[in-house]
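Reading through the structure tokens given below for one structure.
The values are calculated or read from the model by the stated rules, or taken from the named source; none is laboratory data. Small disclaimer: the values here were computed from a predicted structure and weren't measured. Cβ coordinates were reconstructed from backbone atoms using ideal geometry, including for glycine residues, and neighbour counts include every protein chain displayed. Only protein heavy atoms, including side chains, enter the accessible area calculation; ligands, DNA and RNA are left aside. Shrake-Rupley method; radii C 1.70, N 1.55, O 1.52, S 1.80 Å.
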Amino acid sequence: MFKKYRLRNFDFPLVILVAALNIIGVLAIGSARESLQGRTMLGMIAGLCIMLAVSLIDYSVILKLYWLEYLLMVAALVFVKLFGTNVNGAKRWLDIGAFRFQPSDIAKILLILFYAQFIMKYREKLNTFRILLLAVLLVIPPLYLIYDQPDLSTTILFAILFCVILFIGGLSWKIIGGVLAIVVPAALIFLSIVMQEGQTLIEDYQRDRIMAFFEPEAYADAEAYQQLNSVIAIGSGQLWGKGLNNNEIASVKNGNFLPEQQTDFIFAIIGEELGFVGSAAVILLLILIAIRCVMIARTAKDTAGMVIASGVGALIGFQGFMNIAVATMLMPNTGITLPFVSYGLTSLLSMYIGIGLVLNVRLQRKNLYNL
């Protein structure tokens, strides 16, 4: 399970980028809700330790258990459906004693691991109808279970991650083009249907969020409330921001106009208190981390390592984009955390596990390239 690695192959720049982003998150969470800062700091320390431990485990050994990982992913999501805790009309969490965690966060990493080995095993046949059908059928159960929680944002991210993994694994451009020719019109039809009153495809509050995106003024006191205040907060920070933990009366945060400001709308806190400079720093760090993962994928010793590193990079990149797009009103309101920044220990630790896997891919890299 453990191999001898060369210290020079350990990707210290990636660790520094992740730690820097997480530190900004700790500071922002402390400003949004001081009582959570201590737990977040402990989560960061635990995450770094888990990341280091995972980075030393040969990912090839982990991938041998890929069917067990798939069953674990589905079982955890089934447990949520049967025994999950209902919060604000959504059943996404499991309570075990004093601990509460969100299995869908762990499921993202397990999805990457499962399909890394799946593609490794069937790469030569990936573009055949039988293997593609099998790949799609296997992703449907976890996808449906997450959608049924309901968690539309994670469902969308899960689907995007699945598509990216298949693309990295060598999916034919002809198949991609054919799928897009079907999916794009289908998505437009789906959107037109769910925007109608009385539809049953999505929950009413999810429909209202979509409508609020297109008509924010009509939903200013309801679904668009958070996003409108988020944009005001970000804009009010101007270049340098108002400062962390400020006491300004004219503060969106201090006026309690941002529900869930420590999680879904943490970027609004950063924009208001750290300004354009702080916001740009967060975006730059997310981009650099995603790029670093892709660079490591280029030097992976095998297809599975390439899928793991690229998958984790895609996960961080797309999830970060979705969170910031919601905070800046570039897309409808969906509850999803900002990687390494938002409060949420399950999300934080799962991201650190992902980075640990990427670091192990780097430790076993081919000698043909030098990063």
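A compact table of results
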{"item": "Pick from segment 302-326, criterion aliphatic (A, V, I, L, M) and over 15 Å from the mean Cα position of the chain (by Cα), ranking: most open to solvent (accessible area, probe 1.4 Å)", "result": "MET306"}
{"item": "Positions within segment 255-296 being in contact with a Gly (Cβ under 7 Å, 6 or more places away or on another chain), open to solvent by less than 40 Å² (accessible area, probe 1.4 Å) and under 30 Å from GLY169 (Cα atoms), in sequence order", "result": "LEU286, ALA290, CYS293"}
{"item": "Only listed residue being assigned to a loop (DSSP other than H, G, I, E, B) and either aromatic (Phe, Trp, Tyr) or over 30 Å from GLY311 (Cβ atoms) (or both), chosen from GLY235, GLY198", "result": "GLY198"}
{"item": "Some residue of segment 292-309 being of a type in the set (A, V, I, L, M, F, W, C), assigned to a helix (DSSP H, G or I), within 30 Å of PRO216 (Cα to Cα) and in contact with a Leu (Cβ under 6 Å, 6 or more places away or on another chain)", "result": "no"}
{"item": "Only listed residue being assigned to a loop (DSSP other than H, G, I, E, B) and at negative phi, chosen from PRO150, PRO141", "result": "PRO150"}
{"item": "Single residue of LEU180, LEU171 found to be closer than 30 Å to PHE118 by Cβ, hydrophobic (A, V, I, L, M, F, W, C) and in a helix (DSSP H, G or I)", "result": "LEU180"}
{"item": "Residue tally, condition without any contact (Cβ under 8 Å) to a residue 24 or more places away in the chain and either surrounded by 15 or more Cβ atoms within 10 Å (Cβ to Cβ) or touching a Lys or Arg at 6+ places or on another chain (Cβ under 6 Å) (or both), over segment 32-47", "result": "2"}
{"item": "ILE112 touching a Gly at 6+ places or on another chain (Cβ under 9 Å) and at pLDDT 95 or above", "result": "yes"}
{"item": "Matching residues in segment 337-371 - criterion: being outside any helix (DSSP H, G or I) and open to solvent by 10 Å² or more (accessible area, probe 1.4 Å)", "result": "THR337, SER342, TYR343, GLY344, GLN364, ARG365, LYS366, ASN367, LEU368, TYR369, ASN370, LEU371"}
{"item": "Residue list for segment 149-171, restricted to those being surrounded by fewer than 22 Cβ atoms within 10 Å (Cβ to Cβ) and over 27 Å from GLN206 (Cα atoms)", "result": "PHE167, GLY170, LEU171"}
{"item": "So THR299, is it open to solvent by less than 10 Å² (accessible area, probe 1.4 Å), out of contact with any Cys (no Cβ under 8 Å at 6 or more places or on another chain), modelled with pLDDT under 95 and polar (S, T, N, Q)", "result": "yes"}
{"item": "Scan of segment 1-26 for residues that are part of a loop (DSSP other than H, G, I, E, B), open to solvent by 20 Å² or more (accessible area, probe 1.4 Å) and either in contact with an Asp or Glu (Cβ under 6 Å, 6 or more places away or on another chain) or not basic (Lys, Arg) (or both), ordered by number", "result": "MET1, LYS3, TYR5, PHE10"}
{"item": "Scope segment 61-116; condition among the hydrophobic types (A, V, I, L, M, F, W, C), farther than 16 Å from ILE308 by Cα, touching a Leu at 6+ places or on another chain (Cβ under 8 Å) and surrounded by fewer than 22 Cβ atoms within 10 Å (Cβ to Cβ); matching residues", "result": "LEU72, VAL74, ALA76, VAL78, PHE79, PHE83, PHE101"}
{"item": "Inter-residue pairs, beta-carbon under 8 Å, first of a type in the set (S, T, N, Q) and in segment 184-201, second surrounded by 12 or more Cβ atoms within 10 Å (Cβ to Cβ) and not in a loop (DSSP other than H, G, I, E, B), 6+ apart", "result": "GLN199/ILE193; GLN199/ARG207"}
{"item": "Selected residue (only one of ILE50, ILE29 is within 18 Å of ILE308 (Cβ to Cβ), open to solvent by less than 80 Å² (accessible area, probe 1.4 Å), modelled with pLDDT of 95 or more and in a helix (DSSP H, G or I))", "result": "ILE50"}
{"item": "Looking only at segment 211-232, and only at residues there that are open to solvent by 60 Å² or more (accessible area, probe 1.4 Å) and in a loop (DSSP other than H, G, I, E, B), the one that is modelled with the highest pLDDT", "result": "GLU215"}
